[in-house]
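Inspection log for the structure reproduced underneath, given as structure tokens.
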Amino acid sequence: MSVGLVTGASRGLGRALALGLARQGWSLVIDGRNEEALNSAGQEMRLLQPPGAQLVAIPGDVTEARHRTELASAAYALGRLDLLINNAGSLGPSPLPPLAHFPLEGLRQLFEVYPVAALGLIQETIDLLRATPTGGRVILVSSDAAIEAYPGWGGYGAAKAAVDHIAAVLAVEEPALRVWALDPGDLRTQMHQEAFPGEDISDRPEPDSVVPAILGLIQSDRPGGRLRAADLHSRTPAP
């Protein structure tokens, strides 16, 4: 039975992806900073999983090394790891400040959340991912802010650009793995609303809308690289 580790699975895209994997029969290790929301999401996933599939929900913050070790240990206890989705995130200061006034401590925190935490968890789980017979999959959730110059998005975009580069280099260094930096597009999430306080974001698609395409990617042998969910062929693979 395939095993996936999804960070930031208590809400938004991470929750939607973990629910999709649960429907396909995956065993899961999930995390989130809000224990109540994480447990609620975990209960939904357990109802979707077939008999024999396991779910381990570990509340915590991916910027803490001890928490990353706990997540990796849970995967090792399940005996394998086919998929790692580094989705946990933070917007940073809101409203989004221009770079001339961006608090440096806020920038440090964004880099801890994105490239540092993502690489830290990859390092903790790399042996399991390498041992997967068909080649482990690693998804680092990215953003168009990593490659476009949007006013106010300099800090967030810089951290995401670092994530993109980690994905690109890891794909070269670990050719047996499939490593993707994935831009899901603008979605109707709490974090996106925080980026636009007071604005109506109901025109943005729900996170569920991109899940079929991402599940198809996970089951594919597509080479590693930077991808947009909008460019993927939407198909729901067989369990």
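The values are calculated or read from the model by the stated rules, or taken from the named source; none is laboratory data. From a predicted model like this one, the values you see are computed outputs, not experimental measurements. Reconstructed Cβ throughout: ideal geometry from the backbone, glycine too, with neighbour counts over all protein chains shown.
Contact list please: Cβ distance under 8 Å, first residue in the stretch 1-29 and more than 24 Å from GLU64 (Cα to Cα) and crowded, with 24+ Cβ neighbours inside 10 Å, second residue modelled with pLDDT of 95 or more and basic (Lys, Arg), pairs at least six apart or on different chains.
Note: pairs meeting the criteria are ALA22/ARG46.
Restricting to the stretch 46-100, and then to whatever is assigned to a loop (DSSP other than H, G, I, E, B) and polar (S, T, N, Q), can you tell me which residue is nearest to the chain's Cα centre (by Cα)? Working first, answer last.
Of all residues in the stretch 46-100, those assigned to a loop (DSSP other than H, G, I, E, B) come to 49-54, 60-64, 79-82, 87-98.
Remaining after also requiring polar (S, T, N, Q): 49, 54, 63, 87, 90, 94.
On the way: GLN49: 20, GLN54: 20, THR63: 14, ASN87: 2, SER90: 12, SER94: 21 Å.
Looking at the filtered set, the residue picked out is ASN87.
Mind listing whichever residues of the stretch 139-166 are touching a residue at least 24 places away in the same chain (Cβ under 8 Å) and in contact with a Lys or Arg (Cβ under 7 Å, 6 or more places away or on another chain)?
Result: SER142, SER143, ALA146, ASP164.
Answer yes if at least one residue in the stretch 110-127 is more than 23 Å from GLY32 (Cα to Cα) and exposed (fewer than 14 other Cβ atoms within 10 Å of the Cβ), and no otherwise. I'd like the intermediate steps shown before the answer.
If we filter the stretch 110-127 for residues that are more than 23 Å from GLY32 (Cα to Cα), which is where we start, we get 127.
After this cut, where a residue has to be exposed (fewer than 14 other Cβ atoms within 10 Å of the Cβ) as well, the list is 127.
Within the stretch 110-127 (the criterion being more than 23 Å from GLY32 (Cα to Cα) and exposed (fewer than 14 other Cβ atoms within 10 Å of the Cβ)), the answer is yes, since at least one residue qualifies.
Condition check: closer than 28 Å to GLU112 by Cβ and touching a residue at least 60 places away in the same chain (Cβ under 8 Å). Does LEU38 satisfy that?
Details: closer than 28 Å to GLU112 by Cβ: yes; touching a residue at least 60 places away in the same chain (Cβ under 8 Å): no.
So LEU38 fails the test.
Being among the β-branched types (Val, Ile, Thr) and either in contact (Cβ under 8 Å) with a residue 40 or more places away in the chain or closer than 15 Å to LEU17 by Cα (or both) is the filter here, so list the residues in the stretch 41-65 that pass it.
Filtering the stretch 41-65 down to residues among the β-branched types (Val, Ile, Thr) leaves 56, 58, 62-63.
Passing the criteria: VAL62, THR63.
Would you please list the contacts, defined by Cβ atoms under 9 Å and residues six or more apart or on different chains, that run from a residue in the stretch 119-136 that is part of a loop (DSSP other than H, G, I, E, B) to a residue that is small (Gly, Ala, Ser)?
From residues that are part of a loop (DSSP other than H, G, I, E, B), the pairs are THR132/SER2; THR132/ALA176; GLY135/ALA176; GLY136/ALA176.
Please work out which residue is surrounded by the most Cβ atoms within 10 Å (Cβ to Cβ), limiting yourself to the stretch 190-239 and to residues that are of a type in the set (Lys, Arg) and either over 23 Å from ASN34 (Cβ atoms) or at pLDDT 75 or above (or both).
Residues of the stretch 190-239 that are of a type in the set (Lys, Arg), as a first pass: 204, 222, 226, 228, 235.
This time we only want the ones that are either over 23 Å from ASN34 (Cβ atoms) or at pLDDT 75 or above (or both), so: 222, 226, 228, 235.
Numbers: ARG222: 15, ARG226: 18, ARG228: 14, ARG235: 13.
Across the stretch 190-239, the extreme among qualifying residues is ARG226.
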